[in-house]
Structure formats: structure tokens, C-alpha cells
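One structure below.
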Amino acid sequence: MDDNFAATLTADDNLAKAFDVETIRKDFPILSQEVHGKPLVYLDNGASAQKPRQVIDAMSALFETSYANVHRGVHAMSQQATDAFEAGRDKTAQFLGAASSNEIVFTRGATEAINLVAATYGRSRLKAGDEVVISHMEHHSNIVPWQMLRDEKGIVLKVVPIDDDGNFMLDAYAELLGPKTKLVAVTHISNALGSVVPLKEVIHLAHERAIPVLVDGCQAVPHMKVDVRALDADFYVFSGHKLYGPTGIGVLYGKEDLLNSMPPYQGGGDMIASVTFEKTTYKKAPHRFEAGTPAIAEVVGLGAAIDYLDQLDLDAVAAYEAGLLAYATEKLSAIDGLKIQGTAKDKAAIVSFTMDCAHAHDIGTIVDYSGVAIRAGHHCAQPVMDRFGVSATARASFGLYNTRGEIDALVDALGTVRELFG
Ligand SMILES: Cc1ncc(COP(=O)(O)O)c(C=O)c1O
């Protein structure tokens, strides 16, 4: 296990105690809603997290005071909007520990970021017979783009197995790497199980063989400090909406030389250096990958979400959430007929479970009547469901504003499920 990441996920009592969850909850207006006449207990953060007032206000302020299109305008408002937009890029670079803001490409989300790498790096560098290594616990967005490339180019997909607890099997991974491996594309944290992948080792083993690594960091960035340079990741992607920011904005981090060596993704305005009918030349990264008007307000909102997390300290968030995970694991394990799916030794605050008396969808529907929002289904990770021999799980995924009291509310609601179906 990677010591750095173990440390970020270990409950540190002092950090956790310093974390004032009640004050934090006041920043999230939606949390004071009632659902079915009960206080909302929002435990679907793995799908999408709620937004603090600071993010909502930053986006409104842009629209109310300084909105215009970016990069191309000479007027004052366009320059203000451009400054706000590029500040979002600078904040994102700092947040990830990137060497330069040029390494941050904005996309619609993590899905588009992975598709971008498959469509540019993959299409231009990989040929029939080349191998891409993924793991058994990838989200569909880190499986399907590579399958599309397989269909187009004849590349081969190799899948790293996971053990019965949902641990990434490092030895099996090392054996899969060979002269034909041209890319490793793995998740940082499984959205379906919560398992943390030992990324340092994964990347080290790949780099020993000069293989670049793409990391899907969607479920990691809201829960732990990520430093792409310390990890030495070649590509790292995430979505703004899971990081307490808006939808419609995602990030592709790529090492600058690597990005500049890749052909563009889409063609259009803002990504060109010059255009004639005979020949077009392209800007360098990141702009060569950002054709057309970007998601201006969403980048400003993402910047505000990053500011919000920065002032909280992600180590304190990680410590607090580790406490929530431990509490939820203990309480849920005590429920008769409930099985936690995914018990990896290194886990983030995500608990997937099944009950012998009810299907996951019934569980989700019944607890909703108590105001408790959880996810039920395959979580866009059908191979994980197949691996555990289930068609679906119920999943509680925690965020920095959740409390032990809310876990108690979930446990009570699951008692109702037992009463109705048991
Ligand atoms: C691990 C992981 N990767 C990728 C995605 C896709 O993110 P998006 O739909 O925001 O592109 C998700 C979303 O659930 C995820 O959990």
C-alpha cells in the first residue's frame, strides 16, 4: 500500500476534531431541504456533490457583473471574463500540483477528458496489436473509449483483476505489463467499491517500462490531496461536479510536452494559430484542445469550489471522512442480512451493499421515503457487479458535509426495508 495515500485516508483524530461540520453544512443551502417531509440526508456524493453558496455566488457574480466571451475580445468585460476564466485554470493547476497552467485542459467532464486522450493520443500513437491496460473496477467511461479504439485500430485491452475484497492486484498488474503495453489507464478510487488503487506503485511499474499512465481521479479529488507531480501521473482527469463545483466542466491534466505532442481533439475557433483554406496551424496546449467557446461560468465555479476546499484543508476532510467511513461500516455491518460489497484495506468513504431481503432498487426507493438519498444500480461499473456476482448494489457515498447522525438515519431507514421485505 502506498504510504502517502494511506496517510491521507487514515483517521487523524486531531484533524477530524478540528473539522466543524455544522458550520460547513450552513454553506450548502440545499441541505436544509426536506424530502417526503423528512430532512434531506444526501448520501449520493459519488454521483454528484452538492454546491456551497460560495460556488453559486461566484457563478452568479460573473453573470451579474463581468460576463462576456473569453480570449477574443478587446473590450473590458471580455478581459475581465478572460481573467476570471484563466484564474480558474491557475487554481486547478495549483490544486493538482501541476508544473504549469498549460497542463490543464478544460473538458465537459472526466468522460470527455478520457475520450480526448483516446481520440488524440490513442488514435495517433497506438496501432493494431498494441495493448492498453485497465482494471476490473473502472467506470464505464474508462472502458468504453478504449473499446471504441479497439474496434477502430485493433488494439488489445488487458484487464487487471481485483480480489474478493475489491483490492487492485498489483502482482497480476505487473505481469500484464509487456513490450506491447502502450498505455495504462486506471482509476484512483473505485466509484462502485471505494477501493483505493496503489497508484504510486502502479505508475512506477509502468514508468520502469516507459509506459505512460492515465489516472481517472473522479472519486479521489473530493476526498484526498492529490499531487500529480508527486505521483508522476502522465494524465489525470476529474469532473467538477463531484468536487462541489458545477456540472459541464471537467479537467484533463497532462504533462506539457506530452500534450504538445498530441494532435488536436476538435477543430474550431480558439484552438488555431492561423487558418487559410490551404493550411491551419494550431496553438499549443491547453488551447489546442479547447475548440469553441468554453464553459466560462463553470470554470469560475470550479475555481470557487477549489478555493472552498483549499480553505478547509483536504487532509482535514480526509480525516473526517475516514471517521464517517469507519462509523458507517460498523453500523451497516451490524444489520442482519446486509453485505458490504468491497472491503479493500485502503478505502475512501463509499459503501456499496446488498441486502438478502430486497433488491438494491427497492432499498433505494424505500430509504428515499425517509429523506435518505442513496444510489442503487450498477454505478456505471457493470464488470464490478459481475465480479461480485450481483446485478446491482445500494451505495452510500459520503461528502464533507455528512454526519454520523445522517448515517444513523440511513440505518433506521434500512430497518424499514427489513420490516417491509424481511
Ligand atoms: C470513477 C469515475 N470515473 C468517471 C466518471 C464519469 O464522470 P462524468 O460523468 O462526470 O464524466 C465517474 C462518474 O461517476 C466516476 O465515478
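The values are calculated or read from the model by the stated rules, or taken from the named source; none is laboratory data. Nothing here was measured: the structure is a model prediction, and the numbers come from that model. Quick reminder, even Gly has a Cβ in these numbers, built from the backbone with ideal geometry, and neighbours come from all protein chains shown. When the accessible area is computed, the model is the full protein with side chains, heavy atoms only, and any ligands, DNA or RNA have been set aside. Shrake-Rupley method; radii C 1.70, N 1.55, O 1.52, S 1.80 Å.
Tabulated data
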item: Given charges at Cβ of Lys, Arg, Asp, Glu: the chain dipole, positive-most of 179, 192, 365; result: 179
item: 13 Å Cα-Cα reach of residue 127 towards aspartates and glutamates, excluding residues that sit fewer than 8 places from it in its own chain; result: 151, 152
item: Sites residue 180 and residue 334, calculated FRET efficiency, Cβ-Cβ separation with R0 45 Å, nearest 0.05; result: 0.40
item: Mean ellipticity per residue at 222 nm, deg cm²/dmol - from DSSP H runs of n ≥ 4 across the chain, formula -39500 (n - 2.57); result: -11500 deg cm²/dmol
item: Sequence-distant residues sharing a close amide H with residue 187 (under 5 Å, placed H); result: 135, 216
item: Rounded to the nearest 10 Å², the accessible area of residue 391 at probe 1.4 Å; result: 80 Å²
item: Label point distance in nm, residue 283-residue 256, each placed 7 Å from Cα along Cα→Cβ; result: 1.6 nm
item: Residue 156 accessible area, assembled protein chains, probe 1.4 Å, Å²; result: 60 Å²
item: Accessible-area composition of the chain, carbon plus sulfur, in percent [1.4 Å probe]; result: 51 percent
item: Charged-residue dipole, Cβ positions (Lys, Arg, Asp, Glu), the chain about Cα centre, Debye nearest 20; result: 1160 debye
item: Probe 1.4 Å, accessible area per residue of the chain, Å²; result: 40 Å²
item: Nearby aspartates and glutamates by direct alpha-carbon distance to residue 91 (threshold 13 angstrom, same-chain neighbours under 8 apart not counted); result: 83, 103, 307, 310
item: Cα extents of the chain along the three principal axes, largest first (Å); result: 72, 55, 37
item: Simple label model, 7 Å out from Cα along Cβ direction - residue 230 to residue 247, nm; result: 3.4 nm
item: Rounded to 10°, Cα long-axis angle of helix 404-421 versus longest principal axis of the chain; result: 60 degrees
